[in-house]
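Presented below is the structure to which this report refers.
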Amino acid sequence: MKIVVGSDHAGFPLKQEMADLLRGEGHEVVDVGTHSTAPVDYPDSAAAVGRAVVDGRAERGVLICGSGVGASVAANKIKGVRAAICHDVYSAHQGVEHDDMNVLVLGGRIVGPALAGELVKAFIGARYTAEERHARRLAKVVVLDNR
């Protein structure tokens, strides 16, 4: 799978580890930055990850900022992005299975690399079920996105 990764400065160390993990799992990684711990604004990283997913340059995205909150809010402003901050494995896979989540957001100052790796694996391994109730709900989300 082709996965875009991005972060602000607070998420940079964890982004590097997650990119390495994804490559090790055989995925193609598109790294949209940042490339250091020099301060940058999280909306820029969120936009870069979100646009890569919506434009089809990647199938899914992993986005990391300090808490995960700001990046999640910013990413969801991009039409077609369904981003969620997940700090538990259930939400990381269920968000894809039920809600067709396409961007996983993590807090680099909240979760450590071991848990983050499990979250990323759960997210990447999950598939949208397209069950009737999920499709119906997702259609309503798309309507909201188009307003």
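Okay, here's what the table says:
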| quantity | calculated |
| --- | --- |
| Residue ranges of helices (runs of 4 or more DSSP H) in segment 53-126 with at least 3 members in contact (Cβ under 8 Å) with a residue 12 or more places away in the chain and under 18 Å from residue 139 (Cα atoms) | 89-99 |
| Where residue 54 falls short, out of the listed (1) of a type in the set (A, V, I, L, M); (2) more than 18 Å from residue 121 (Cβ to Cβ); (3) in contact with a helix residue (DSSP H, G or I) (Cβ under 8 Å, 6 or more places away or on another chain) | (3) |
| Verdict on residue 135 being out of contact with any helix residue (DSSP H, G or I) (no Cβ under 6 Å at 6 or more places or on another chain), over 27 Å from residue 17 (Cβ atoms), of a type in the set (A, V, I, L, M) and in a loop (DSSP other than H, G, I, E, B) | no |
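Values quoted throughout were computed directly from the atomic coordinates according to the rules given, and no laboratory measurement underlies them. Here the structure is a predicted model, which is why all the values come from computation and not from measurement. Positions of Cβ are backbone-derived with ideal geometry, glycine not excepted, and every protein chain shown enters the neighbour counts.
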